Amino acid sequence: MKLLRYHPETAFGGQSKEDALKSSVKKALDPEKTLTEKDKRRIELASEIGEQETARDKFRVMCAENKLAAFSLVVILIFIFMAIFAPVVAPYDPTKQDLIHRMQGMSREHIFGTDQLGRDIYSRMIYGARVSIAIGLLPTFVSILIGTVLGLISGYFGGVVDFIIMRLCDITMAFPSLLLAMVVMYTMGAGIINIFLALTLVSWAGTARVIRSQTLQLREMEYIEAARSMGVSSFAIMFRHILPNCLPNLIVLFTLNIPGSILSESSLSFLGIGAQAPMTSWGLMVSDGKQYLFTNPVIAIAPGVAILILALAFNFLGDGVRDAMDPYLSK
């Protein structure tokens, strides 16, 4: 005997829910037609269930009620678009040096001027967005994936497994994340791949704790007990029944953790153990321009402001997603 999932088409006679319900409602509004028992059951079931709120509906609500989150999403998409199409958007080669026109101020030819080697600052910022955004997204996604799997295993099985995983979380969270990332970077050496690994290793513990606490609640629910009594495997229960109920929290965690990864990458690059020349990132640009703060401050201020804007945009978007996903706030 298999446990079949409920599907609206099954409850509405093989038709789509919308078509079947519209047909029954038309009959109810027409005094010349009589309702069958099936029509009555459809209308009664629809009134009990109500209209399910889809992800598109939640997105529309977020954009309508939280203008700041919607504007932040537009800003993020603009940054991502510029990073993807950097060869088209950037007016100059970011690595091309022109010592004759070094340290120029803002002008039509160079929107943010040129740096100490005559390179166009605006072009370097566009290419630097590739590194900063990629380091913000990829390590965050991988760390959340690792934290989710470990949190599910810890919360569902409990016992010794739970003790070992939670003690690893305690050890990871006992160190400041940036300090631990610096230790990892000094051990493995500078470079983009090592930044990716370092930020992934220091960011999974928070997600594991959140998913563990939610798993502890969900594993005692009646539908989990029913699945367990019917012989459904533990991993099927975790990934088919428990994990879907954790997705709203994971989406919120993903959007809120991205700014931390961007700032960590910028900090590591600023300290000289992140991105290395000729590759460029916003943190490395701030580091290169700090000695020219009194002669040409745009070299350091422009990428610093870009870091600030992108981090704020992800924070505001994360707040908006949290408000839209939280059922208590939506009520």
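What follows draws every value from the coordinates through simple rules; no lab data is involved. The model shown is predicted, which means the values in this text are computed figures rather than measured ones. Backbone-built Cβ (ideal geometry, glycine too); neighbour counts: all protein chains shown.
Summing Lys and Arg as +1 and Asp and Glu as -1 over all other residues whose Cβ lies under 15 Å from the Cβ of G272 gives a net charge of -1.
Taking 35 Å as R0, compute the FRET efficiency from the Cβ-Cβ separation of T187 and Q291 and round it to 0.05.
On the way: r = 29 Å, r/R0 = 0.82.
That gives a FRET efficiency of 0.75.
At an R0 of 30 angstrom, the distance between the Cβ atoms of I171 and F141 translates into a FRET efficiency of 0.85. Candidates L197, A236, I211 compared by Cα position along the dipole of the range 97-253: farthest toward the positive end lies L197, with charges placed on Cβ.
Loop-resident trypsin sites (Lys or Arg not before Pro) (DSSP state other than H, G, I, E or B) in the range 105-205 with no more than 10 further Cβ atoms inside 10 Å of their Cβ: R108. One chain, two ends: R108 and E225. Fully extended at 0.36 nm per residue, the span grows by 35.3 nm beyond their Cα-Cα distance.
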